[in-house]
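The values are calculated or read from the model by the stated rules, or taken from the named source; none is laboratory data. What you see is a predicted model, and the numbers here were worked out from it, not measured in a lab. A quick note on method: Cβ atoms are made from the backbone with ideal geometry, for glycine too, and the neighbour counts reach across all protein chains shown. Remember, those area values only see protein heavy atoms, side chains included, never the ligands or the DNA or RNA. Shrake-Rupley method; radii C 1.70, N 1.55, O 1.52, S 1.80 Å.
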Amino acid sequence: VFSDDQLKLVAEMADMIIPDTDTPGAKAALVHDYIHAIVGDWYYDGEREKFMRGLKAVDGRFLNGSAAERKSIMTALDNEKSDEKTFFEEFKELTLVGYFSSQIGAEEELRYEQYPGPYQGCVPFEKVGRTWAT
């Protein structure tokens, strides 16, 4: 569904939402590939067309822009108001779900244990240190 340039655009935008810090960011977690798969394989035609319109609206301006221009574009997208979910709200949701369901997001950002052990209804946050991913 995405051209090479659009996939690069999705990777750059997602990485601005979740950049590298003390843990790897969205680009390292291959969030752009997740978004590509969801939009291409799982969206209905109308949803896909709406997403692609939003992506095309920022396409050339974003990739060719400076860091300040990119931030300005992302801020403008984030401040859009609509009665329906905006392109950027959808994009952020896909970015977060893609990141936190990736191996990097689950194991390095969150705390993942395949079998977390017995249920403990009340555990001080200081004892676990991070939110659980399971």
At a 1.4 Å probe, what is the % contribution of carbon and sulfur to the accessible area of the chain?
51 percent
Report the label-to-label distance for Glu108 and Phe125 in nanometres (one decimal), using points 7 Å from each Cα along the Cα→Cβ vector.
2.4 nm
Convex hull volume of the Cα atoms in the chain, per residue, in Å³?
151 Å³
Only Cα pairs under 8 Å and at least 6 apart count here; give the relative contact order of the chain as a rounded whole percent.
25 percent
Enter the angle in degrees (range 0 to 90, nearest 10) between the Cα long axis of helix 45-63 and the first principal axis of the Cα atoms of the chain, meaning the one along which they spread out most.
80 degrees
Which whole-number value in Å² is the accessible area per residue of the chain, probe 1.4 Å?
65 Å²
